[in-house]
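A.B. asks: Have a look at this one.
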Amino acid sequence: MMSSARPIAIVGAGPGGLMLGCLLQSQGFDVSIFEADSHAGARRQGGSLDLHADSGLLAIEEAGLRREFDALARYEDQCDSFYDQEGNLLLTRDFSEAVRPEIDRGQLRDLLLAKLAPGTVRWNIKIQGVASAAEGHRLMSDEGDVGRFDLVVGADGAWSRVRKLITPQTPQPTGLVYYEWDIENIDVLHPALAALLPRGKIGAVAIDRGLIAQRSSGGQVKVYLLIRDDAGEIGRLNRDTRVDVSELLHHLDGWSDSLRAFALAANGFAQFRSLCVLPGGTAWPSIAGITLLGDAAHVMAPFGGEGVNMALEDARQLAHCLVQNSDWNAATADYERAMLARVKDIAERCNAAAFTWPRQTLAMIEKIRAQPSAVT
Ligand SMILES: Cc1cc2nc3c(=O)[nH]c(=O)nc-3n(C[C@H](O)[C@H](O)[C@H](O)COP(=O)(O)OP(=O)(O)OC[C@H]3O[C@@H](n4cnc5c(N)ncnc54)[C@H](O)[C@@H]3O)c2cc1C
């Protein structure tokens, strides 16, 4: 086991930052993770994530968490169905042969947190900036200087503060906006909706908008109402607002009652968001003592479910590079070169799906339905 007294700061306790913390700590590295949330349960962690055999699951294995993961994973939810806006079923796909098990985002976070030594995550510290020191970098929070580190890893998500030190690039709107809300206990409280969404995920798509509803564990459902907003009008009006879901029903005028019921069953408010991405292939010259992973490096559209998988794979690859090379500047440069090459095409593909949504989805449904073996 390699040990190091040189301190490493990871900014952000999302899946990428926590995975890197687990992998480095198990190799004897001195790791601190700084997280803006005040504690582990400070906010709901959101919906379900599918981990892929050639990326996210490799990191889970390497962290020694496969048994714990499998105890929570939902292999039965690897499936989706599509409806038209009148509520007619167009297509059902079952991917249970594939290895893309689903897990709640909160469960994944808890698994990783449980693996870390107590006190590794320093909650309620929002990093505002990074200042160069004689050796390494100093992290600055709202409260002031939180310490000097030989290596700072920005795992602080789409709107990363650490990224500002590396590149002026920021995420750009895709023209797609969405409202998201939750439905609780669907099987007991909303059996008609549960019949439309027995497992996995459903989508209903019209010409410039759509509904996606996805199961998490315990009958929880995350619902998204997506709207094309290329002119930016909805975005301008709603920036970061919370909206009563009943006020959104007009977006579903002409839709079947069976689908509008996903809005009527909402538990609480909807959160508005504009889907923003970094262009695929965004790169930067390597900087000594500082690097990025996950959404901070390459936030991409969620179509294809690659974001968390790339974050976990980044963590795995960066840990390998640091274990193998005690020259950390060379190690992070190697990691960045390979990571940027690995992610470029994936990000371009996922982002293209957002820029062309829902045309691409409608075309995909038509193509599959035209096949004689289509599963409907
Ligand atoms: C609607 C939607 C659905 C998605 N669905 C999927 C999916 O099905 N499959 C998939 O693979 N991906 C999905 N993604 C993408 C996925 O959520 C991200 O790619 C993934 O969470 C990235 O992990 P991360 O650790 O890099 O960043 P994050 O998960 O964003 O974590 C960053 C952490 O840093 C903290 N932080 C931020 N700024 C600071 C600061 N200044 N100081 C301290 N802490 C800070 C945040 O609080 C957060 O805890 C989806 C994304 C969206 C928006």
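A.B. asks: Straight-line reach from residue 115: which aspartates and glutamates have a Cα under 14 Å away, not including same-chain ones fewer than 8 places off?
C.D. replies: 61, 62, 68
A.B. asks: Here is a follow-up. What percent does the relative contact order of the range 172-277 come to when contacts are Cα pairs within less than 8 Å and at least six residues apart?
C.D. replies: 42 percent
A.B. asks: Could I ask something else about it? Just the number please: accessible area per residue for the range 172-277, 1.4 Å probe, all protein chains included, in Å².
C.D. replies: Here the per-residue accessible area is 45 Å².
A.B. asks: Give me the Kirkwood hydrodynamic radius of the chain in Å, from all C-alpha pairs, to one decimal place?
C.D. replies: Hydrodynamic radius (Kirkwood, Cα only) of the chain equals 21.7 Å.
A.B. asks: Give me the percent of accessible area attributable to carbon and sulfur for the range 224-376, probe 1.4 angstrom.
C.D. replies: Whole-percent figure for carbon plus sulfur exposure: 52.
A.B. asks: While we're on this one: Just tell me the longest site-free run in the chain, where the sites are GluC sites (Glu not before Pro) in a DSSP loop having at most 11 other beta-carbon atoms within 10 Å.
C.D. replies: 144-376
A.B. asks: Rounded to the nearest 10 Å², what accessible area does residue 166 have for a 1.4 Å probe in the complete protein model?
C.D. replies: Here the accessible area works out near 20 Å².
A.B. asks: In addition: Given the chain, what percent of its DSSP beta bridges are antiparallel, to the nearest 5?
C.D. replies: 75 percent
A.B. asks: Over 24 Å apart: what share of the alpha carbon pairs of the range 172-277 falls there, rounded to a whole percent?
C.D. replies: 21 percent
A.B. asks: Here's something else I'd like to know. Find the relative contact order for the chain and round it to a whole percent, using C-alpha pairs within less than 8 Å whose residues are 6+ positions apart.
C.D. replies: Answer for the chain is 21 percent.
A.B. asks: With a 1.4 Å probe and all protein chains in place, put 95, 272 in order of accessible area, largest first.
C.D. replies: 95, 272
A.B. asks: Among 141, 246, what's the order by accessible area (1.4 angstrom probe), most exposed first?
C.D. replies: Descending accessible area places them as 246, 141.
A.B. asks: Kindly rank 223-232, 292-301 from highest to lowest mean number of other beta carbons found within 10 Å of each residue.
C.D. replies: For the peptides 223-232, 292-301, the packing ranking is 292-301, 223-232.
A.B. asks: Could you work out how far the C-alpha centroid of the range 13-61 sits from that of the range 297-365, in angstrom?
C.D. replies: Between the Cα centre of the range 13-61 and that of the range 297-365, the gap is 16 Å.
A.B. asks: Order the following by accessible area, largest value first: 82, 262, 355. Probe radius 1.4 Å; ligands, DNA and RNA are ignored.
C.D. replies: Heavy-atom accessible area, descending, gives 355, 82, 262.
A.B. asks: Turning to a different aspect of this structure: Below 8 Å, C-alpha to C-alpha, sequence gap of six or more: please give me the relative contact order for the range 123-173 in percent.
C.D. replies: That works out to 25 percent.
A.B. asks: Hey, what number do you get for the chain at 222 nm if only DSSP H runs of n ≥ 4 count, each worth -39500 (n - 2.57), divided across all residues, to the nearest 500?
C.D. replies: Value at 222 nm, helices only: -9500 deg cm²/dmol.
A.B. asks: Another question, if that's okay. Less than 16 Å apart at the alpha-carbon level, and either on another chain or at least 8 residues along: which lysines does that give for residue 201?
C.D. replies: Cα-Cα hits under 16 Å: 222.
A.B. asks: log₁₀ I(q)/I(0) of the range 117-213 at q = 0.11, 0.13 Å⁻¹, via Debye over equal Cα point scatterers, no solvent, to two decimals?
C.D. replies: Normalising to I(0) and taking log10 leaves -0.64, -0.75.
A.B. asks: Let me cross-check residue 215: its accessible surface, 1.4 Å probe, with only protein heavy atoms counted, in Å² to the nearest 10?
C.D. replies: Looks like 20 Å² after rounding.
A.B. asks: On to the next question. Keeping all protein chains in the complex and leaving out DNA, RNA and ligands, what accessible area do you get for residue 252 with a 1.4 Å probe, in Å² to the nearest 10?
C.D. replies: Spelled out: residue 252, probe radius 1.4 Å, area about 0 Å².
The values are calculated or read from the model by the stated rules, or taken from the named source; none is laboratory data. Note that the coordinates shown come from a computational prediction; the quantities given were computed from them, not determined experimentally. Backbone-built Cβ (ideal geometry, glycine too); neighbour counts: all protein chains shown. When the accessible area is computed, the model is the full protein with side chains, heavy atoms only, and any ligands, DNA or RNA have been set aside. Shrake-Rupley method; radii C 1.70, N 1.55, O 1.52, S 1.80 Å.
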